[in-house]
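*Asks:* Below is one structure. I have some questions about it.
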Amino acid sequence: MPELNFGSLSPPIEAILFDKDGTLLDFTAMWGFWTVCVMENFRERLVARGLRFAKDEIPHIWGTFHDEQGGMIGYDVRGPLAMGTMEEVRAVLTWHGYRAGLSWAEAKVNVNECFLQAEYAISKERPVRPLPGVRMFLELCRNHGMKMGVVTADETDSALRHLEWMGIDSFFTVVVGTDQVKRGKPFPDMLLLACEHLGIPVARSMVIGDTDGDMEMARSAGAAWKVAVGSPEHIQLADLTVRSFHELLEVGVSR
């Protein structure tokens, strides 16, 4: 069984705060399903009004990559879907509806209806799964007595559902969504609030995420460690970058 050498870190770590999407949760499986639901619905609504919404525009709206059939196969970790709040994502699509010829009010109504239908489809299908190695890492952290929480650009109720569907909700003492603070990532507010709820100084916390937005949140809040799970070429601000939780387990968090 792998070991986690938290004791070797300086300063010592009392809590780990995780991003959710792309860190704990397979981003493409979950948000790919959601994106296709929203975009197909939105496109059909515009076409029914005689308005143009070309499929080749879709990757440029939220920063997503698609196969020839239109399915989402990847995403830009620097883009709106990866780093934005749901309100920001909603606003981006509303703008494209306005550009296509809807009034701003019509665009807002249509986007809202598309989001509601996508949420309904997700609740039925539950296309949510943890990334490889996540459960083992969480179990080891719990065995070490580590406090754990989630800080996510998603809204809190949605985040709680996703964690429950993955069967990992019991690992976390606190879940802070963007709806609990005035400023989301990359600002420090969510991390500061999570550490306050956990009763620990932020300087004794580690943040694990998959974007530089997570890393900047950690830096600006004063977290002790910033660990990224993803491609090193896409993440510049981490103290340590690994490609997976399996690699993190091998490293042993012992720098």
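*Asks:* Mind listing whichever residues of the range 91-112 are assigned to a helix (DSSP H, G or I), open to solvent by 30 Å² or more (accessible area, probe 1.4 Å) and either without any contact (Cβ under 8 Å) to a residue 12 or more places away in the chain or among the small types (Gly, Ala, Ser) (or both)?
*Replies:* Scanning the range 91-112 gives Ala91, Tyr98, Arg99, Trp104, Ala105, Glu106, Val109.
*Asks:* When only residues in the range 190-211 that are out of contact with any helix residue (DSSP H, G or I) (no Cβ under 6 Å at 6 or more places or on another chain), open to solvent by less than 30 Å² (accessible area, probe 1.4 Å) and outside any loop (DSSP other than H, G, I, E, B) count, which is farthest from Pro80 (Cα to Cα)?
*Replies:* Step by step, filter the range 190-211, then rank; the result is Leu198.
*Asks:* In addition: Could you look through the range 122-133, keep only residues that are in a loop (DSSP other than H, G, I, E, B) and open to solvent by 80 Å² or more (accessible area, probe 1.4 Å), and pick out the one that is farthest from Ile200 (Cα to Cα)?
*Replies:* Among those residues, the one meeting the criterion is Arg126.
*Asks:* Can you tell me which of Ala29, Ala15, Ala54, Ala48 is within 21 Å of Gly177 (Cα to Cα), surrounded by fewer than 21 Cβ atoms within 10 Å (Cβ to Cβ) and small (Gly, Ala, Ser)?
*Replies:* So the residue among Ala29, Ala15, Ala54, Ala48 that is within 21 Å of Gly177 (Cα to Cα), surrounded by fewer than 21 Cβ atoms within 10 Å (Cβ to Cβ) and small (Gly, Ala, Ser) is Ala29.
A quick yes/no check of all residues on (1) in the same structural domain as Glu88 (by the TED database); (2) over 21 Å from Val89 (Cβ atoms); (3) not in a strand (DSSP E or B):
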site: Leu160; (1), (2), (3): no, no, yes
site: Glu164; (1), (2), (3): no, yes, yes
site: Gly213; (1), (2), (3): no, no, yes
site: Met217; (1), (2), (3): no, no, yes
site: Ala228; (1), (2), (3): no, yes, no
site: Leu237; (1), (2), (3): no, yes, yes
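*Asks:* In the list Glu119, Glu88, Glu139, which residue meets the criterion of being outside any loop (DSSP other than H, G, I, E, B) and assigned by the TED database to the domain that holds Met190?
*Replies:* When all the criteria are applied, what remains is Glu139.
*Asks:* Could you list, in sequence order, all residues of the range 142-151 that are at pLDDT 95 or above and either over 13 Å from Asp169 (Cβ atoms) or part of a helix (DSSP H, G or I) (or both)?
*Replies:* Lys147, Val151
*Asks:* Is there a residue in the range 135-154 that is within 21 Å of the chain's Cα centre (by Cα) and of a type in the set (Lys, Arg)?
*Replies:* Yes, the conditions are met somewhere in the range 135-154.
*Asks:* Continuing with the same structure: Please tell me if Met136 is on the phi < 0 side of the Ramachandran plot, open to solvent by 70 Å² or more (accessible area, probe 1.4 Å) and either β-branched (Val, Ile, Thr) or touching a residue at least 40 places away in the same chain (Cβ under 8 Å) (or both).
*Replies:* In short, yes.
The values are calculated or read from the model by the stated rules, or taken from the named source; none is laboratory data. Given the structure is predicted, the values throughout are model-derived calculations rather than measurements. Positions of Cβ are backbone-derived with ideal geometry, glycine not excepted, and every protein chain shown enters the neighbour counts. Remember, those area values only see protein heavy atoms, side chains included, never the ligands or the DNA or RNA. Shrake-Rupley method; radii C 1.70, N 1.55, O 1.52, S 1.80 Å.
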